[in-house]
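Some notes on the structure that comes next.
The values are calculated or read from the model by the stated rules, or taken from the named source; none is laboratory data. Owing to the predicted nature of the structure, the values given are computational and were not obtained by experimental measurement. Positions of Cβ are generated from backbone atoms using ideal geometry, with glycine treated the same way; all protein chains shown enter the neighbour counts. Accessible surface is based on the protein model in full, side chains and every heavy atom, while ligands, DNA and RNA are left aside. Shrake-Rupley method; radii C 1.70, N 1.55, O 1.52, S 1.80 Å.
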Amino acid sequence: QTTLTVISHDSFEVDKALVATFEKANSTRVRFVKAGDAGELLNRLILTRRAPLADVVYGLDNSLLPRAREAGVLDAYRSAALKTVPAAYRMDEANGTTLLNTVDYGFVAFNYDRAWFQKAGLALPKTLDDLKSPTYAKLTVVPSPATSSPGLAFLLASVNQYGEAGAWNWWRTARAGGMKVTRGWSDAYYKEFTRNGGKFPIVLSYASSPAAEVFYAEGFNAAKLPEQSPTGNLFLPGSTFLQLEGVGVLKGAKQPALARKFVDFMLSGGVQTDIPTRMWIYPAAAGTKLNPVFKFAQQPAPTAVKPALLARPQRLIDGWVTNVLRR
Amino acid sequence: MKTESALSALNARNLSKRYGGAAGIQAAQNVSLSVAAGETVALLGPSGCGKSTMLRMIAGLEVPDSGTVKVGGRDVTALPPEARHIGLVFQDYALFPHLSVLDNVAYGPRVRGMPRPQAWAQAQDTLELVNLTEFGDRRVTELSGGQAQRVALARALATASPLLLLDEPLSNLDERLRAELRGELRALFARVGAGVLLVTHDQREALALAGRVAVMRAGQIVQQGAARDVFERPATAWVAAFLGQANLWPQPGGMCLLVPEQALTLGEGEAYAVIARQPDDSGETVQVAHPRGTLTLALSARESLHIVEGRLRVQVDEGLIQAVPDDREAANTLI
Amino acid sequence: MKTESALSALNARNLSKRYGGAAGIQAAQNVSLSVAAGETVALLGPSGCGKSTMLRMIAGLEVPDSGTVKVGGRDVTALPPEARHIGLVFQDYALFPHLSVLDNVAYGPRVRGMPRPQAWAQAQDTLELVNLTEFGDRRVTELSGGQAQRVALARALATASPLLLLDEPLSNLDERLRAELRGELRALFARVGAGVLLVTHDQREALALAGRVAVMRAGQIVQQGAARDVFERPATAWVAAFLGQANLWPQPGGMCLLVPEQALTLGEGEAYAVIARQPDDSGETVQVAHPRGTLTLALSARESLHIVEGRLRVQVDEGLIQAVPDDREAANTLI
Amino acid sequence: MALLLALPLGRTLAEGGVNLGIWRDPYFLGRLVWTLGQALGTAAVAVAVGGPLAYLLSRWNVPGRAAFLRFLLLPFVTPTLVAVLGLTALLGPQGWITRLTKLDISDGPGLLLLGNLFFNLPVMIRLAHAGFARVPPNLIGAARSLGATGWKAAWTVALPVALPGLAAGFVLVFLYSALSFGLPLTLGGERYSTLEVEIYTLTAYQLRLPEASALIVGQLLLTGAATWAYVTLTRGGAGVTAGRALPPAPPLTRAIIWVLMGGVSLISFAPLLAVVARSVLTSGGLSFSAWQAVLGSADTWALVGNTLRFGVLALIGAVLLGGLHALAAWRARGPTSRVLDGLSLLPLMVSPVSLAVGYLLAYPALSATLPMLIGAYTLLGMPLVTRSLLPALRALPPRTLEAARTLGAGGWTVWRTVTFPLTLPALRGGAALALATVLGEFGATLVLTRPEWATLSTGLYDRLGRPGERNLTEACALATLLLLLAVLAFTLLDGGEGEVT
Ligand SMILES: Nc1ncnc2c1ncn2[C@@H]1O[C@H](COP(=O)(O)OP(=O)(O)OP(=O)(O)O)[C@@H](O)[C@H]1O
Ligand SMILES: Nc1ncnc2c1ncn2[C@@H]1O[C@H](COP(=O)(O)OP(=O)(O)OP(=O)(O)O)[C@@H](O)[C@H]1O
Ligand SMILES: Cc1ncc(C[n+]2csc(CCO)c2C)c(N)n1
Ligand SMILES: [Mg+2]
Ligand SMILES: [Mg+2]
């Protein structure tokens, strides 16, 4: 019996029953390996490219794709199922060779604590410039661009918005004004966000987070949804980033054929339907039915990020570390 | 009585101790003991009778179930050991394994605040007393049994405490060294006027060092008094036998006749048959068939010459025979 | 010689041991000792002379720098302790703290493969021998000093080894118990025919138990022979003094005159002035000014009657006076 | 050891070369100083608080003593993230204590130091207690009858005699605090991050291996020096843990013990209680729905089963290897013994991050397999067994072993009948600590490969990776379950006597 190894970031989850059907259909066993968040995942793939850890990778996103391409960790494969995905969400359309097949997408965005703002009687910020002023900066917590993927996404958005010099300036001002930078998303969300006992009512998270808050709230009942989520999205112009997560075949895979089957499987209807309430992102296939709670997860109109920025994110991270963090 | 308490080095009243709860062992029961300043009292008794327990209670290492301890007239029952100013030699030495011989001996003066050079000098002097002048630098794990015992003794002496509790302090030494140390200790005690409570199984030692003797049996004191008195006039047959009296003739009515050594004169009186002879280092032990009972006699080499043709002339001075209660069987409980 | 080695329980040849490297202490130097089966040999010597070291080398606990050890005619020099079948009583007992008294005593038989009930029965018998019948269940941390010592003795005896090494096995017991145990041990040794090497500082014990005696000084054996011989005819002044001879008159030319007890007859001859009297438990010690030197005499209560008006009549039998080399100052090195 | 430690580490260093130039950057020198400072500080506080408490507990009995000693292992079981949750629930910006006292320490290094103490006070107390429990009571009695007060006797006699145990505690605390990265990662923020965090950032996020390697080398020198100092400084020790009944503490001593126990409990137990509380306290008030969900799910029992299975496997490995290692170091003489002694700390001396990378590089095929995982946890638990057992072995009175041999016991029999029973308390204590490590960490830092191998801690991490209050309460419920499991395991390990030391 063959074994297919799937490597992914830590947040990957899929219905066991679906996996079992896949295993049965292809008479194989599937091993899942988790390798940290998406950034760590890519680094691990690069480190081990001479003896790959797995056959197929899920979880690399559009901000990491250029590096993955450069490092040569992926083999080209374009799933037939990709045609169900709207063109705007496909990656690599311009290059002609598809390394990553988009499985889902999401928006990195600011969330705020409704109750807090209500009680404080404070108006919400309207722009990124508002946010960097001390009034709001001291209410904001952001995971670090150097050590988290939402952080990096927001860094890209901010550079896209202000240019490099302007972005450094924005970050420095915001930090001087009291904006907190944490290492990872969990720290920001579970430690610093006012909803969870912290003292920052604005947090950089995902546009789907308010929906999850409703879904996981005490006494959730799909038939009796509440008026609104305890948290809300704060779509400041230029602050959101469209994240496209994909699946691809690893170069040097021991089971390339099965790996391709798995790519197709990820785009299949069953998995696509399962995705939203497991990983709190949007399924890429058009027309997939969404759980009603997703009405709390609005989709912003994202600004397209200049491709040049995506080509060398590491350079931006280094720039951020030297120009912002260690100042 | 007031002056007595002022001059008393130790006054222990009604000390009791039971080990291990209600079902345990009564190691001491209402024991009272006192030691005057400058006096040495020997505490004698069979193995396991509670001697070490008494010392440990007096030193504050064991909490008595009842009773009081006064040291130098001050009630110390509630005080911790270090506030009692007592020098104690442990039966198992309890030397500090991490300190050198000199540091072991200097420990007492040091913790009482003496500057180091002075404490070392004092420790060195005490080591000299126990013939270990050149052993100061040794580790205590590198000593012979007797050397370790002398370090334990030196450590207690170096505290210059007004009350010393010595638990078999010389038991592991050869007789010559013991005799020598006995002499030095006696001189030392006389010089510093310390009260000494000495546990020993060596009756010669008790007599040589102690003015008074207390005999314990199964957790209680059965006789107490001037050393000579106790040895010469044991209160009961058990005490007499414990102190080495060989000639005890049981009588009807729970009494017993004690024929002390002084009651016997050799080479006079009638000649009785010698029924057993056993040599030992100071001569021999013989048994003689006296009509009133068997007589056991320790004869020196000189005295052995009195035995002629298997018979020994012995005169028993009836006036010196003492009648004592025969309690040898009683209280022979688990101890 | 062949049969001798067959019947020999122990034959140690030229054992040497130096502790702590070249600058260390020579604890034994070329010591040879033998013990026949059924024989008891007492090893005497001052504190720190190397007695325990000898025992430890024989038992295989200390590797000798040189020399050989034969047990029961078999060369065991290279064998580990457990292959030597030797029963050893440690000077500091070394009881197993995690075992009960009974299990301590049963340990030897158990590890030699005896089934548990049988080992327990045997241990119980041995405990009876040392008067601890009812202590089997006790933890060894709950014993008095003398009780612990008896457990150590019982543990060694229970192995029924053909060679027993006893390091001061009775030092912490009272005299009556000691006398009793001495008797029982003598009977036991005779019955099982074990060879026994006994370290003791008690000369009465040596005489009572041992047929032969070896006297050590500073790591060497200075005299060895039948017990009576050694006590009566010490080879040197040092041995005489160590064995308690009080009357040694130094002579010019490095010799010394030894006046043994038997050479003195009381109540006869000239009356000399008594210059000192010191009481002890068996009478008193007096010093008499004899024209050839001071005489020290231990008098029993009976003999004290010979002192009349501060004078004592003593006859010295010149024929019994021995001339021995006076080596008391030599070799008084650090031991 | 070479296969499990040296090779992976070497591979990490070889992968990118070593760029020592990074040490000229004052930023990293600052990290080094802070790493050293916070580790030394933690170890010092742990000794200052844990030492006296351990001593008193080894001499006196007070109500609650046995339970306290047993529960002391709980923080060690706690996954770092859970500890952080508990600490922030109490002392975070909106923590219950912060709100009560209006004192917010969440911005300084205070939380990090408290976190270090939360994990490490227990280590210190238990190892020190084991050391003190071996000091023969008569030695203290001798010191006091010679005029030393209780404290003076502790300082001049008990402390030197128990030093090996105490020093073992100190060096373990130092190494854990110097190399831990979970806590400074989450509690240190950017300002108070340690070298290990920098190494982690440089390798995992920035893939700047030469720089990371330089930090790894520097850190290894630091921990190596600490270990060397420890190995050369600890000598002696005497006695065995005789299971004698402790006397009840006199009132003043009892008060002191209770105060210290209370303080330690506040640091080491309160965060755990907070986690338990959080599993039933929601924004909507008291609710047991998280528990219903957790207990009602068949998955949970699979998690419990896996946790136990893997924990026991790793425990067996750690006890066997650690035990043999301690025996070897004890048997060996002179320098060999010291080298072996130091080697046992090697798994704690090397940066776990660099090890993880090394494993990936050296054993790509094995890196996510169960044997490798169990091997890795064996390695993490081993030092705890060795550190507990070795001082106990070294303190064995030589005469006792000699007595056994003269009585006819061969080498193995001596071991079975004397050495083993006399050092069993230490072995049990070490095993309990090792098990705690394994239970808490299993699968959390190294990555498990199959969903059906998930353990309680992975289940918990999964939930903390998703937004929503319910995930948080369920994570807390799982953590509580883990703690209960640990209490059960320790009770079994110490035979219900409450006397694991
Ligand atoms: N482990 C050791 N290291 C160094 N020297 C030692 C060691 N053990 C004993 N010695 C020294 O060796 C000499 C002989 O010691 P041993 O124990 O054999 O004496 P002993 O005759 O048994 O004395 P005692 O009657 O006092 O017990 C002594 O001077 C002692 O100090
Ligand atoms: N810690 C203890 N626990 C229980 N019983 C004990 C303890 N210590 C001593 N005993 C018992 O108490 C009694 C008295 O002991 P103690 O040590 O006072 O005797 P001792 O007179 O000093 O005897 P020895 O002359 O043998 O040293 C003994 O029967 C002993 O078994
Ligand atoms: C500061 C600090 N952080 C975490 C732990 C938790 N911990 C328990 S066992 C172990 C070693 C194996 O991971 C670690 C790190 C600690 N003790 N000290
Ligand atoms: Mg005693
Ligand atoms: Mg000796």
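Can you pull out the buried accessible area for chains C and D, both sides counted, probe 1.4 Å, rounded to the nearest 100 Å²?
1900 Å²
When the listed pairs A:LYS119/A:LYS191; A:LYS34/A:LYS138; A:LYS16/A:LYS180 are checked against a 28 Å cut-off, the alpha-carbon distance exceeds it for A:LYS34/A:LYS138; A:LYS16/A:LYS180. On the beta carbon distance between B:ASP125 and B:ALA83, with R0 = 22 Å, the FRET formula returns roughly 0.30.
Tell me the mean residue ellipticity at 222 nm calculated for chain D from its helices only (DSSP H runs of n ≥ 4, each -39500 (n - 2.57), averaged over every residue, nearest 500). Value at 222 nm, helices only, nearest 500: -23000 deg cm²/dmol.
Each other copy places its own label point for C:THR68 at 7.2 nm from this one, sorted shortest first, where the point lies 7 Å along the Cα-to-beta carbon line.
With everything on Cα atoms, drop me the angle between helix A:38-47 and the longest principal axis of chain A, reported from 0 to 90° to the nearest 10. Here the helix axis deviates by roughly 50 degrees. Residues of the range B:46-71 buried by at least 40 Å² of accessible area upon assembly of all protein chains, compared with the chain on its own (1.4 Å probe): B:SER47. Sorted from closest to farthest, the other copies place their B:GLN118 label points 6.8 nm away, with each point set 7 Å from Cα along Cα→Cβ. Solvent-accessible area of B:ASP65, all protein chains in place: 90 Å² (probe radius 1.4 Å, heavy atoms, ligands and nucleic acids excluded). To put it simply, the accessible area of chain A at a 1.4 Å probe is 54 percent carbon and sulfur. For the range C:256-325, the solvent-accessible area with a 1.4 angstrom probe is 47 square angstrom per residue. Heavy-atom accessible surface of D:TYR230, to the nearest 10 Å², is about 20 Å², with a 1.4 Å probe and all protein chains retained.
Calculated accessible area for the range B:2-232 comes out at 35 Å² per residue, all protein chains present (probe 1.4 Å; ligands, DNA, RNA ignored). Each copy carries a label point for B:ALA22 at 7 Å from Cα toward Cβ; from one copy, the others' points are 7.0 nm away, ordered from shortest. Here the range B:2-232 has 51 percent of its accessible surface on carbon and sulfur atoms, given a 1.4 Å probe and all protein chains in place.
When the convex hull of the Cα atoms of the protein assembly as shown is projected onto a plane and the area is averaged over all directions, what value comes out in nm²?
With every direction weighted equally, the projected area is 66.7 nm².
Which whole DSSP H helices in chain D pass both tests: a Cα extent of 27 Å or more along the axis and a mean Kyte-Doolittle value no lower than -1.0?
Counting only whole DSSP H runs, the qualifying helices are D:26-59, D:110-133, D:159-179, D:209-233, D:298-331, D:370-395, D:420-441, D:469-493.
Sorting A:ASP10, A:ASP130 by accessible area puts them as A:ASP10, A:ASP130; the probe is 1.4 Å, largest comes first, and only protein heavy atoms count.
Between helix B:116-129 and chain B there is an angle of about 10 degrees, using the helix long axis and the longest principal axis of the Cα atoms.
Roughly speaking, to the nearest percent, how much of the range C:256-325's 1.4 Å accessible area is carbon and sulfur?
Accessible surface attributable to carbon and sulfur in the range C:256-325 totals 50 percent.
Positive-end ranking of C:LEU320, C:THR77, C:VAL308 along the dipole of chain C, with charges on Cβ about the Cα centre, is headed by C:THR77. For the residue pairs A:LYS83/A:LYS254; B:LYS17/B:LYS51; A:LYS132/A:LYS295, alpha carbon separations beyond 20 Å are given by A:LYS83/A:LYS254; A:LYS132/A:LYS295.
Indicate the gyration tensor shape class of the range B:1-118 (rounded, prolate or oblate), computed on the Cα atoms with a ≥ b ≥ c the square roots of the eigenvalues: a/c under 1.5 is rounded; otherwise a/b larger than b/c is prolate and the rest oblate. In terms of gyration-tensor shape, oblate.
On a 0 to 90 degree scale, rounded to 10, what angle separates helix C:101-111 from the longest Cα axis of chain C? Result, in degrees: 60. Under the convention that each Lys and Arg Cβ holds +1 and each Asp and Glu Cβ holds -1, the size of the dipole of the protein assembly as shown around its Cα centre is about 5120 debye. In order along the range B:264-271, phi translates into HN-Hα couplings of 9, 10, 8, x, 10, x, 6, 9 Hz, rounded to whole numbers, per the Karplus curve 6.51 cos²θ - 1.76 cosθ + 1.60 with θ = phi - 60° and x for Gly and Pro.
In the range D:376-415, burial by the other protein chains removes 30 Å² or more of accessible area from D:ARG399, D:THR400, D:GLU402, D:ALA403, D:ARG405, D:THR406, D:LEU407, D:GLY408, compared with the chain on its own (1.4 Å probe, ligands and nucleic acids ignored). Using the Cα coordinates of chain A, the gyration tensor eigenvalues translate into equivalent-ellipsoid semi-axes of 33, 24, 16 Å, sorted from longest to shortest. Sequentially through the range C:244-259, phi angles give Karplus couplings (6.51, -1.76, 1.60; θ = phi - 60°) of x, 5, 8, 9, 10, 9, x, 10, x, x, x, 9, 7, 9, 9, 9 Hz, Gly and Pro residues having no value and appearing as x. Interface between chains D and A: roughly 4600 Å² of accessible area buried, both sides summed (probe 1.4 Å, protein heavy atoms only).
Of all chain C residues, the closest to the C-onto-B rotation axis by Cβ, with that distance in whole Å, is C:SER171, 2. The calculated 222 nm mean residue ellipticity attributable to helices in chain B amounts to -8000 deg cm²/dmol, summing -39500 (n - 2.57) over DSSP H runs of n ≥ 4 and dividing by all residues.
Can you give the FRET efficiency to the nearest 0.05 for B:ASN30 and B:VAL192, using r as the Cβ-Cβ distance and R₀ = 30 Å? Here the calculated transfer efficiency is 0.45. Pairs of Cα atoms in chain D fall into 20 Å distance bins, from 0 up to the last occupied one, in shares of 23, 57, 20, 1 percent.
Solvent-accessible area lost on pairing B with C (1.4 Å probe, both sides summed) amounts to about 4200 Å².
Taking the chain by itself as reference, the range C:98-126 contains these residues with an accessible-area loss of 20 Å² or more in the full protein complex (1.4 Å probe, heavy atoms): C:HIS98, C:TYR107, C:VAL111, C:ARG112. Peptides C:224-232, A:217-225 ordered by packing proxy, namely the average of other Cβ atoms within 10 Å per residue, highest first: C:224-232, A:217-225. Excluding ligands, DNA and RNA, the accessible surface per residue across chain D is 34 Å² with a 1.4 Å probe. Computed with a 1.4 Å probe on the full set of protein chains, the accessible area for D:TRP258 sits at about 110 Å².
Legend: residues A:ARG260, A:ARG67, B:ARG233, sorted from most to least accessible area (1.4 Å probe; ligands, DNA and RNA excluded), read B:ARG233, A:ARG260, A:ARG67.
The equivalent ellipsoid of chain C has semi-axes of 41, 25, 17 Å, largest first, where each one is the square root of 5 times an eigenvalue of the Cα gyration tensor.
Of the residues C:VAL41, D:PRO8, D:TYR230, the one whose Cα sits farthest toward the positive end of the charge dipole of the protein assembly as shown, with +1 on the Cβ of Lys and Arg and -1 on the Cβ of Asp and Glu, is D:PRO8. Across the protein chains, with a 1.4 Å probe defining accessible surface, the residues A:TRP170, A:TRP185 rank A:TRP185, A:TRP170 from largest area downward.
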